[in-house]
Amino acid sequence: MNVFFDNAATTPIHPEVIKRMTEVLADIYGNPSSIHAFGRKAKCVLEQSRRTIAKAINAAPSDIFFTSCATESINMILKNAVRDLGIERIISSPTEHHAVTHTLDYLSRYKACEVIYLNVDSYGAPDVQQLKELLQDNSKKTLVSLMHGNNEIGTMSDLQYIGSLCAEYGVLFHSDTVQTMGKYPINVKDMGVHFLVGSAHKFHGPKGVGFAYIHAAHRIGPMILGGAQERGLRSGTENIAGIVAMARALEIAIQNMDINTVKITALRQSFKEQLMKAIPHVHFNGNQDNLFMPHVLSVSFPPHPNGDMLMMNLDLAGIAVSSGSACSSGAETGSHVLAAIGQSHDHKTIRFSFSSWNTEEEVQYVVAKIKELVKSN
Ligand code: PLP
């Protein structure tokens, strides 16, 4: 049996999305910047997709910009908010994805702006009281960058509350919504965000396509220069098939959001209960009571002679999971998120992440395998 429990890393593409993408690849090959009929056809599906994405987050279509991935969107928003909007201070959290922290470290290293990382609690949630206190100092033009759901431990932030604080103190608010897009209702107006990002491959769309929401009142300039596509903000011929596929994937995810949430929550609960029975002293990282994403379960296993081999042995058994974090070469590095919540290095931590495609049989198979592997050592 092959089991994919690594859905926070990426997701399989929905068959309907593959179908639509294939149709577009075959039939709509005009360049959307061309004024002839072939180009106009491509432009038409491009703009339809923009409207679909905008509707999904209650934004104006003109505030949606297509990019190659969320990492690109985040880099563009953070760097160019400093360059073009006069941002002098960015307040964020050490538990953000590296797309945010590495960009902020870059900005700080080159003294482009001051970067402040909030304290986090043992669940990895940023200290909003500290945020409030920092915002009382309004001497520097400020942007707050806090993610909606943490990709490693599943803890969520209350965006509505953070958005209301940002509004109260008149600062800009960016949120990395990569892990909650299509899984949680997102409304840019209610949440008071000025910038947010999404990535198709996290919600059963293809890799290599993402988007940025940028509020009209806070337009930044481009990071990539060229033919002035995307109204000058992101040059380069658009990935039409990828963009259409992303819009379709998000539409499907939103249509099935409630049913998927119920299914994934039940899988997670069943997995947790069976694991606690099978392995005494397992520990679950991140918030488990409220404000957590059901598709992510971070498990720390008690110290064990062959604990380090667990992930590899699961892989040999056909089970795909993630360690705390890995760099792009696949080599394990210490997780900055687990370090931020004070997780001990003695514990082997594995992230199991689910999608609605997973089943209870898979849960049972994985728990049985873990039990066997831990016992056999
Ligand atoms: N932010 C979060 C929370 C993520 O989980 C990821 C992907 O792992 C990213 C950003 C980067 O997304 P992309 O792969 O589209 O660059």
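The values are calculated or read from the model by the stated rules, or taken from the named source; none is laboratory data. Note that the structure is a prediction, hence the values are computed from the model and not measured. Counting neighbours? That spans all protein chains shown, and the Cβs are built from the backbone with ideal geometry, glycine included.
Just a few scattered comments:
- Under the condition of being away from the ligand (no atom under 16 Å from the Cβ) and either within 21 Å of the chain's Cα centre (by Cα) or assigned to a helix (DSSP H, G or I) (or both), the residues counted in the range 91-116 number 4.
- Test: residue in the range 291-298 that is out of contact with any Ser or Thr (no Cβ under 6 Å at 6 or more places or on another chain) and more than 15 Å from S353 (Cβ to Cβ): yes
- Restricting the range 130-160 to residues that are among the polar types (S, T, N, Q) and touching a residue at least 40 places away in the same chain (Cβ under 8 Å) leaves a set whose member that is surrounded by the fewest Cβ atoms within 10 Å (Cβ to Cβ) is S157.
- Qualifying residue in the range 47-67 (condition: assigned to a strand (DSSP E or B), in contact (Cβ under 8 Å) with a residue 24 or more places away in the chain and touching a Gly at 6+ places or on another chain (Cβ under 8 Å)): yes
- Any hit, the range 22-31, residues being outside any loop (DSSP other than H, G, I, E, B), touching a residue at least 40 places away in the same chain (Cβ under 8 Å) and closer than 25 Å to P61 by Cβ: yes
- Looking only at residues of the range 133-160 that are hydroxyl-bearing (S, T, Y) and out of contact with any Pro (no Cβ under 8 Å at 6 or more places or on another chain), we find that the one that is farthest from the ligand (Cβ to nearest atom) is S139.
- Taking residues in the range 210-226 that are within 16 Å of the ligand (Cβ to nearest atom), and partners anywhere that are among the basic types (K, R), the pairs with Cβ atoms closer than 8 Å and at least 6 places apart or on different chains are M223/K79; M223/R234; I224/R234.
- Here the condition is being on the phi > 0 side of the Ramachandran plot, at pLDDT 95 or above and either within 16 Å of the ligand (Cβ to nearest atom) or buried (at least 17 other Cβ atoms within 10 Å of the Cβ) (or both); of G124, G163, it holds for G124 alone.
- Scan of the range 76-86 for residues that are in contact with a strand residue (DSSP E or B) (Cβ under 9 Å, 6 or more places away or on another chain) and surrounded by fewer than 24 Cβ atoms within 10 Å (Cβ to Cβ), ordered by number: V82, L85
- Residue check for H174: in a helix (DSSP H, G or I) and surrounded by 21 or more Cβ atoms within 10 Å (Cβ to Cβ): no
- Residue under evaluation D315, criteria (1) in contact with a strand residue (DSSP E or B) (Cβ under 7 Å, 6 or more places away or on another chain); (2) closer than 16 Å to A9 by Cβ, criterion not met: (1)
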